[in-house]
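Asks: Below: one structure in structure tokens.
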Amino acid sequence: MKIKTVITVALVAVLGCTNVFAAGKAKDQKVKIEIVNRPGMALGTDIPSWVEAVLEGDNKTIAKSLKIDLKEYQIFVFSNQGTDLEFLKTWTDQVDVQRQVANSFSMAVGQSANAVFSGSSGDENKKKMAIDQTIKALSAMEINGLLKESQYWIQFRKPKQGVKITKKSPDSSYEYYYEYYVVFTMSRDLYDQQLDAALNGVEDNASETVLLKKALSQDLRQPLLDKVKDDNTEYSFDE
């Protein structure tokens, strides 16, 4: 895999789909992000296909690559960034999971609401109420029964802001950080029970709420990613 290609993907997809160009600078002045280390890099092994799928936001391919049967399991895919890899792993796996689940649910509510209410002439206040109610209920949902399926990390470096890089630039001219990716699964039956309980807790006090809950009952059965790729970004993984 070409390092330069992977760098572009990671910068856009993992850092929250941010602009790859330095603020206020022309497009030909890109910030150069480099991969410093990753599992298997010294041996010349490729980045796993499921990680490529995470960076592309391709949730179905993640399940396929890891041989996870989506009829039997729900999958959750998370990523996090930090400078201490071991702390990052522990924090993401043991502490930050609930927040990331809530983020995934909130994102799904927004996407479902856009689809359900697009072009609708209904009451805007009732639409907002439906969205707020479902986000509140799902964000409070305690997910139990998660099992870690796979994990991976990549260490990057980028020039510190305002530093001009040359071939002789010292390490102190760069910022070093890790990206950590992890996939969890849950028994489909157990997940469905918890999801149904949360959605049933949202009062059907308006037709907008009923419609949104119905859409979410289907949409939230799909694999959940904490972040999605930017549709304006092209990805390729050339050997």
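Asks: Of the residues in the stretch 96-122, how many are in a helix (DSSP H, G or I) and farther than 20 Å from Tyr180 by Cα?
Replies: Number satisfying all stated conditions: 13.
Yes or no, residue by residue, for (1) surrounded by fewer than 17 Cβ atoms within 10 Å (Cβ to Cβ); (2) at pLDDT 85 or above; (3) more than 18 Å from the chain's Cα centre (by Cα):
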| position | (1), (2), (3) |
| --- | --- |
| Glu142 | yes, no, yes |
| Gly162 | yes, yes, yes |
| Tyr177 | no, yes, no |
| Ser187 | yes, yes, yes |
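Asks: Could you list, in sequence order, the residues of the stretch 206-218 that are touching a residue at least 60 places away in the same chain (Cβ under 8 Å) and either of a type in the set (S, T, N, Q) or assigned to a loop (DSSP other than H, G, I, E, B) (or both)? Break it down into steps so the answer makes sense when it comes.
Replies: Filtering the stretch 206-218 for residues touching a residue at least 60 places away in the same chain (Cβ under 8 Å) gives 206-209, 211-213, 215-216.
Once the filter is applied, which keeps residues that are touching a residue at least 60 places away in the same chain (Cβ under 8 Å) and either of a type in the set (S, T, N, Q) or assigned to a loop (DSSP other than H, G, I, E, B) (or both), the stretch 206-218 yields Ala206, Ser207, Thr209.
Asks: Just need a number here: residues in the stretch 97-113 that are farther than 17 Å from Ser217 by Cβ and surrounded by fewer than 17 Cβ atoms within 10 Å (Cβ to Cβ).
Replies: Total satisfying the criteria: 2.
Asks: Is one or more of the residues making up the stretch 52-68 at pLDDT 90 or above, of a type in the set (Ser, Thr, Tyr) and assigned to a helix (DSSP H, G or I)?
Replies: Yes: one or more hits.
Asks: Further question on the same structure: Do we have any residue at all in the stretch 73-95 that's open to solvent by less than 30 Å² (accessible area, probe 1.4 Å), of a type outside the set (Phe, Trp, Tyr) and assigned to a loop (DSSP other than H, G, I, E, B)?
Replies: No, the stretch 73-95 contains no residue that is open to solvent by less than 30 Å² (accessible area, probe 1.4 Å), of a type outside the set (Phe, Trp, Tyr) and assigned to a loop (DSSP other than H, G, I, E, B).
The values are calculated or read from the model by the stated rules, or taken from the named source; none is laboratory data. Not measured: the values here are computed from a predicted model. Virtual Cβ from ideal backbone geometry, glycine too; neighbours counted across all protein chains shown. Heads up: the accessible areas ignore ligands, DNA and RNA and are worked out on the full protein's heavy atoms, side chains in. Shrake-Rupley method; radii C 1.70, N 1.55, O 1.52, S 1.80 Å.
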